[in-house]
Amino acid sequence: MSGIYDLIVVGAGPGGYEAAAHAAQLGKRVALVERGRTGGACLNVGCIPTKAFLRSSRLFADCRNAQAYGVRIDGLSFDLPAVIARKNRIVGTLRRGVESMLKRAGVEVIRAHGRLASRRTVAADGRVLEARNILIATGSRPAAPPVPGIESALDSDAILDRPEIPHSLAIIGGGYIGLEFAGFFSAIGTEVTVFEMLPQVAPGVDRDIAARLVDSLEKSGVTVRTSCRVTAVNGETVHYQDEAGKAQALRVACVLNAAGRVPVTDGLGLEEIGVDFDQRGIRTSEEGRTSAPNVWACGDVTGRRLLAHAATREGVVAVNNMFGRRDRIRYHAIPSVIYTHPEIASVGCTEEELQAQGVAYRRALVPMSISGRFLVENEGATGAIKVLAGARHGEILGVHAAGDGASEFIALAATLLETEMCAADAAGIVFPHPTVCEALKSAILQVL
Amino acid sequence: MAIAVEMPKLGNTVEECLLAKWTKAKGEPVSQGEIIAEIETDKATFEVPAPASGTVLEIFFEEGALVPVFTNICVIGTPGESAAEFAPQAAAQAPAAAPAAKPDVEARPAPERAAPPGGAASPRARRFAAQHGIEIAAIRGSGPNRRILEQDVREALYSNPRRSSLARRRMAEGYEPAGAGTGVNGMLLARDLGEPGVALSRMRRTIAERMRESLAATAQYTLTSSAPAAGLLAIRRREKARQPDITINVLVMFAAIRALERMPELNAELRDGKLYRRASVHLGFACDTERGLMVPVIRNAQTLSVAELAQAAKSLTNLALSGAISPDDLAGATFTVSNLGALGVESFTPILNPPQVAILGVNAIELRAVRRQERVEYEDRIGLSLTCDHQVIDGAPGARFLRLVGECIERIESLSGLQA
């Protein structure tokens, strides 16, 4: 098919494919250019596969702990190849689902490497496609920190298809990727050590909440080394400087590089067409515009929030704006979750951010055990929820929770932020009993 | 007997009105004076009262129709009477269903009407939307050609949780919408609010009231001219080191006092239809302070030498700037001088401070071309703007006074005794 497209999307991750489908539903002619697999990092090597792994490790841990619930299980073992097979089956199902959704929506999917030949054309393996708008949604890839020997470490993509359970594992990077793998491997019996350069793991998470996560991880056998800089990886040995600056070494069976992700901006022709970007990503406005007219960007490639749901929203916002529907993304109300055990879920400002901004606030920190349901569901576990609200009007500024179930109710907290709900008004919302989210209600009542 | 109700003409420029709402239906009884319909012009909503008691026999237009003025909109009479004779002759724009009562009128298609400038929304609708921070483009209009009416905007406002919980609280504190809502579904968020209005200080309120009263109660006009500034500049140059308080403004004040002595009709007060000429010149001079304009008064200024005048101006200015000035020092002026020359102003219209009848504005000194015999020369000249109350000072005496001030400025060196 030839002719001018209303929109060409480069990259078929959750930012790109949702934007393409949305534009097609608006009656636009849309092409989606993807060189790899549909679904992007999220579906193939990110959110979904890791959640499949964590479901299995959680079930395994629950079974080991079944006695505490009055259930006896004998002869328990963990079958990693079967877990990988299940993960692959789920990923396959979802990928086919996305592909058929794109087909139904009428999006033309082009399997090729897309490069921006101009602000109006995309070169796709020899073909030149013309478009009124181009949306860059090329995502991110695992970062390789400047550490000698780091290339011998596995990255988060590779470790998902390794069928052996390592006896011991060193994880470089204490962000959400490193912590989720730490939780998974420690639950299935691996001796895990996490190295984090910063004084706190899970950077960006409220300090009180992060501290609870570290407690839980350590209780389950994970060694967390903060303020530690890995200086070299030599096969199975990790060389690092400890907190005191002393050179140390740790020998493990396997090394995982989880030092974050970097935007994929190379090979796109961005310099030539004048799109402003740096190593953190393509600069975009709240409407999804780049510095070049007709060129838009969404998702990890913008370096703003490396989250699938942020990418999706950014893509939809860009599409709305390019076709005359005014829209903007409200970054302050985008929730984020770390799927460890316990889950960490948060939205809005942390207490540290409020202090740094000099905002006067009220604060409530409530133990999850205030909820009967939490006690019933989580034998031996603890958790907490923190609610931060404006000092004058009590508008909810941040909600941070550690405890299983938090990932499901954090959307409610996001709604409170999106609608600038003040605690006094939120107090009128009825929460079902018994549920874990009653802890949130409790905390809201404390910041009235 | 049946009578027709016309679309009233609500203003000289109003050609047609929108029939916004019927408050009585066909067949309903009405009594005289009862409201039967609401109509909307571009500026306001009005009610149409029943001219007589009876029954609504026929309604010729549907809600939302644009009806030319003096066109019959309905008929009131006794049941059984015919209303057909009152049917309007020309089809008004967009009567969606043709009125049953005019079968004899040939149906003509309404001419296609261009969308009103500024978008298909009534000005009232636009104003209401702006006041409440609603994006008007997102509203479906219910008027003819989907014109957006105030009622539509009102419905949009109340059908949604349009303001966030926080925005509502902020608005209660005086913050106002500064644009359309940018939250979910156009919800108005705190960030969409502008700064709250600030109540005027007592002093500002006084200034505002005085200025308004001045413009309302006098017939002020301003004359502008200029005078040679060589003498002013020469004195300033010579005395600056020794007597820094003898500023250009003080010298102009001194010249004005000399002129007032010769034309005392400008050194006067007009109260309750009587003009009081004052023997003494109590000279007010405008002083820019942090709290706003103050006008300290130098008493019996005609008795002071330049140095004494400078000294008096200086000490009153300091008192005004520090806020320690007594109210007595701010009252009783018979003439005022206001200087904006230091800020580069070339001409302005000083506002009278009643009951005074004149005020002199002092402008910047500028280099101007002047014809001397056959030659053009450049000369430093100071601009003067004199505002007079035409109730008592006609143009010619005002101009004569201004010329006199100019002459005094030109001769300032000899008048002040500060020759080289």
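Does the stretch A:309-330 hold any residues that are of a type outside the set (V, I, T), surrounded by fewer than 22 Cβ atoms within 10 Å (Cβ to Cβ), modelled with pLDDT of 95 or more and closer than 29 Å to A:A143 by Cβ, and which are they? Once the filter is applied, which keeps residues that are of a type outside the set (V, I, T), surrounded by fewer than 22 Cβ atoms within 10 Å (Cβ to Cβ), modelled with pLDDT of 95 or more and closer than 29 Å to A:A143 by Cβ, the stretch A:309-330 yields only A:H309.
Taking the criterion of being among the basic types (K, R) and either facing another protein chain (nearest Cβ under 9 Å) or out of contact with any strand residue (DSSP E or B) (no Cβ under 9 Å at 6 or more places or on another chain) (or both), the residues of the stretch B:192-206 that qualify are B:R202, B:R205. Per this entry, A:I410 is not counted among residues that are within 13 Å of chain B (Cβ to nearest Cβ), part of a helix (DSSP H, G or I), crowded, with 22+ Cβ neighbours inside 10 Å and not polar (S, T, N, Q). The residues of the stretch A:314-337 that are touching a Leu at 6+ places or on another chain (Cβ under 9 Å), within 19 Å of B:L189 (Cβ to Cβ) and among the aliphatic types (A, V, I, L, M), listed by number, are A:A333, A:I334.
A:G175 satisfies every condition listed in (1) buried (at least 23 other Cβ atoms within 10 Å of the Cβ); (2) within 22 Å of A:V347 (Cβ to Cβ) except (1). Among the candidates A:V359, A:V399, the residue that is in a loop (DSSP other than H, G, I, E, B) and of a type outside the set (S, T, Y) is uniquely A:V359. Select from the stretch A:413-438 the residues that are hydrophobic (A, V, I, L, M, F, W, C) and within 24 Å of the chain's Cα centre (by Cα) and write down the one among them that is surrounded by the most Cβ atoms within 10 Å (Cβ to Cβ). Ranking the qualifying residues of the stretch A:413-438, first place goes to A:A413.
Restricted to the stretch A:366-405, and to residues there that are in contact (Cβ under 8 Å) with a residue 40 or more places away in the chain and of a type in the set (S, T, N, Q), the residue that is nearest to A:A202 (Cα to Cα) is A:T382. Take the residues in the stretch A:432-448 that are assigned to a helix (DSSP H, G or I) and within 26 Å of A:L179 (Cα to Cα); name whichever of them is farthest from the other protein chains (Cβ to nearest Cβ). Filtering the stretch A:432-448 for residues that are assigned to a helix (DSSP H, G or I) and within 26 Å of A:L179 (Cα to Cα), the one farthest from the other protein chains (Cβ to nearest Cβ) comes out as A:A439. Of all residues in the stretch A:1-55, which are free of Cβ contacts under 8 Å to residues at least 12 places away in the same chain and either crowded, with 24+ Cβ neighbours inside 10 Å or in a helix (DSSP H, G or I) (or both)? Passing the criteria: only A:R55. Only one residue in B:L251, B:L223, B:L233, B:L189 is within 14 Å of another protein chain (Cβ to nearest Cβ) and surrounded by 13 or more Cβ atoms within 10 Å (Cβ to Cβ), so which one is that? After ruling out the rest, the residue left standing is B:L189.
Among residues of the stretch B:14-31 that are crowded, with 19+ Cβ neighbours inside 10 Å, those with a Cβ under 7 angstrom from a residue that is among the polar types (S, T, N, Q) and part of a strand (DSSP E or B), sequence gap 6+ or separate chain, pair up as B:A20/B:T45. Considering only the stretch B:146-187, state which residues are farther than 18 Å from A:E420 by Cα and in contact with a strand residue (DSSP E or B) (Cβ under 6 Å, 6 or more places away or on another chain). Once the filter is applied, which keeps residues that are farther than 18 Å from A:E420 by Cα and in contact with a strand residue (DSSP E or B) (Cβ under 6 Å, 6 or more places away or on another chain), the stretch B:146-187 yields only B:I148. If only residues of the stretch A:271-281 that are out of contact with any Leu (no Cβ under 7 Å at 6 or more places or on another chain) and buried (at least 18 other Cβ atoms within 10 Å of the Cβ) are counted, the one that is nearest to A:G204 (Cα to Cα) is A:G281. Against the definition (within 35 Å of the chain's Cα centre (by Cα), acidic (D, E) and under 24 Å from B:T13 (Cα atoms)), how does B:E63 come out, yes or no? No. Against the conditions (1) modelled with pLDDT of 95 or more; (2) within 14 Å of chain B (Cβ to nearest Cβ), A:I429 satisfies every one except (1). For the stretch B:166-183, the candidate set comprises residues that are closer than 22 Å to A:R325 by Cα and loosely packed, with under 15 Cβ neighbours inside 10 Å; within that set, the residue that is nearest to the other protein chains (Cβ to nearest Cβ) is B:G179. Residues in the stretch A:35-94 that are among the small types (G, A, S), under 23 Å from A:I338 (Cα atoms) and more than 18 Å from the chain's Cα centre (by Cα): A:S56, A:S57, A:A61. Looking across the stretch A:245-280, just one residue is free of Cβ contacts under 8 Å to residues at least 40 places away in the same chain and touching a Gly at 6+ places or on another chain (Cβ under 8 Å), and that is A:R280. Residues considered: A:S346, A:S371. Of these, the only one that is crowded, with 19+ Cβ neighbours inside 10 Å, among the polar types (S, T, N, Q), more than 14 Å from chain B (Cβ to nearest Cβ) and touching a Cys at 6+ places or on another chain (Cβ under 9 Å) is A:S371. Quick check: is even one residue across the stretch B:156-163 more than 12 Å from every other protein chain (Cβ to nearest Cβ), aromatic (F, W, Y) and in a helix (DSSP H, G or I)? Yes - at least one qualifying residue is present in the stretch B:156-163.
The values are calculated or read from the model by the stated rules, or taken from the named source; none is laboratory data. All values derive from a computational prediction rather than experimental measurement. FYI the Cβ positions are ideal-geometry reconstructions off the backbone, even for glycines, and counts take in every protein chain you see.
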